[in-house]
Amino acid sequence: LDRDGNISHNTARLEGKTLTPAELRAACHTASFFAEDRLVIVEGLLLRLGSAGRRGRRGRAGGATSDLDEFVEVLTSLPETTTVVLLDEQAPAGFLDAIGSKASIHHFPVLRGADLRAWAAARAKSQGAAFAPAALDRLVALIDGHHLGELASEIDKLTTYAAGRQIAVEDVDELASAAVQYQFWDLTDAVIEGRADRALGVLQRMDARDQPPQLLSFMLVRQYRHLVLAQAMLQEGLGAAQIGAYLGLRDFPLRKVIEQASRYPAARLEQAYRKLLASDVAVKTGVLDADAALEMLIVELAELARTPPRRAAPT
């Protein structure tokens, strides 16, 4: 996979939800002067392909090949120096049948509870860090098993900060503020992606840190406002730099907003914004308390995002 030790300079990461077979092919066949081997990482492609049945090499009426067929064709004709890693929660049976022995499957279950704590303790030990039990509990409550990279980074940062002394709860609270901000993003992202269980899990952990529901509701409103504005600017033909300057976003948050805005149906986005307004009115008029309103809002928005778009009736 990395014969010359330079694969980090020849690695591409792609978003599978919007990826085309042509874009994947181009990424896989890109040559580099600095590295012999190439790594292409794609996240979310299999989930997307799983929602569409495989029709065979050609459509029922002899039409164009399906997305699944085209992606399989790309993945089964890779250069010998290219490795593609598909990151997903599960692989559709149609894809596994089509790809055959060309691929190998590796399962990495999400760590939870005692397993996650044990992983964090092992990471801390490998860095020579000593966590007070309550401090380690606080850290794994902040960052769950979906984000081991973030958890490892926080452990490394706390290790450097403590400089050999035992890491206390106060150290975690002081230095892990970035993790709290990360959870804000995780909450809104899960809602927009239609993952209600995931969003409610994040909400529960944030409640444990006494995050006010009004603040969390504001974060949801802000994120959906970004989607509305980004979608309007995309329709006007504006580029990422202009959108980022207007919204005050850059790097990953900007790319994520543009990706979500480009595929979220405009009519459904308007419905979501109306639900946000109705929830705000219900809280301010005393119909619902802030906590109940936020939980209901998360479920309703996630369900709205998960509902398949209606197809126009044939004429």
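The 3J(HN,Hα) values that the Karplus relation (6.51, -1.76, 1.60; θ = phi - 60°) gives for region 141-154 are, in residue order, 6, 6, 10, 8, x, 6, 10, 5, x, 5, 5, 4, 5, 5 Hz. Gly and Pro appear as x. In terms of the mean number of neighbouring beta-carbon atoms within 10 Å, the peptides 90-98, 105-113 order highest first as 90-98, 105-113. Considering only protein heavy atoms and a 1.4 Å probe, what is the carbon-and-sulfur percentage of the accessible area of the chain? The C+S portion of the solvent-accessible surface of the chain is 54 percent.
Full extension of the chain segment joining residue 114 with residue 296 gains 62.5 nm, where the gain is 0.36 nm per residue of separation less the Cα-Cα distance.
Scanning residues 5 or more positions from residue 167 or on other chains, those with amide H under 5 Å from its amide H are 130, 131, 132, with H placed 1.01 Å from N in the peptide plane.
In terms of overall dimensions, the C-alpha atoms belonging to region 205-292 reach 42, 29, 19 Å along their principal axes, ordered largest to smallest. Can you figure out the FRET efficiency of residue 80 with residue 121, using R₀ = 45 Å and their beta-carbon distance, to the nearest 0.05? It comes to 0.65.
Entry comment: accessible area of the chain is 58 Å² per residue, from protein heavy atoms only and a probe of 1.4 Å.
If contacts are Cα pairs under 8 angstrom and at least 6 residues apart, what is the relative contact order of region 124-171 in percent? This gives 57 percent for region 124-171. By a 1.4 Å probe calculation restricted to protein chains, residue 11 has an accessible surface near 50 Å², given to the nearest 10. Taking the centroid of alpha carbons for each part, region 246-263 and region 102-156 are 29 Å apart.
Summing Lys and Arg as +1 and Asp and Glu as -1 over all other residues whose Cβ lies under 12 Å from the Cβ of residue 198 gives a net charge of -3.
Applying the Kirkwood pairwise sum to the alpha-carbon positions of the chain produces a hydrodynamic radius of 22.5 angstrom.
Accessible surface for residue 279 stands near 20 Å², nearest 10, in the context of the full protein assembly shown (1.4 Å probe).
Ordered by 1.4 Å accessible area with all protein chains kept, 157, 256, 102 run largest first as 102, 157, 256. Along region 274-289 the Karplus relation, 6.51 cos²θ - 1.76 cosθ + 1.60 evaluated at θ = phi - 60°, assigns HN-Hα couplings of 5, 5, 4, 5, 5, 5, 4, 5, 4, 6, 5, 9, x, 5, 10, 7 Hz to successive residues, with x for each Gly and Pro. Largest accessible area first, the residues 246, 161 order themselves as 246, 161 under a 1.4 Å probe with ligands, DNA and RNA left out. Here residue 240 and residue 274 are evaluated by their C-beta separation; at R0 = 35 Å the FRET efficiency comes out at 0.80. With each label modelled as a point 7 angstrom along the Cα→C-beta vector, the residue 73-residue 170 pair spans 6.5 nm.
Modelled label positions at residue 20 and residue 8, each set 7 Å beyond Cα in the direction of Cβ, lie 3.4 nm from each other.
Please state the relative contact order of the chain as a whole percent: Cα pairs under 8 Å, 6+ residues apart? Result for the chain is 12 percent.
The values are calculated or read from the model by the stated rules, or taken from the named source; none is laboratory data. From a predicted model like this one, the values you see are computed outputs, not experimental measurements. When we count neighbours, we look across all protein chains shown, and the Cβ atoms used for this are built from the backbone with ideal geometry, even at glycine. Side chains included, ligands, DNA and RNA excluded: accessible areas come from the protein's heavy atoms. Shrake-Rupley method; radii C 1.70, N 1.55, O 1.52, S 1.80 Å.
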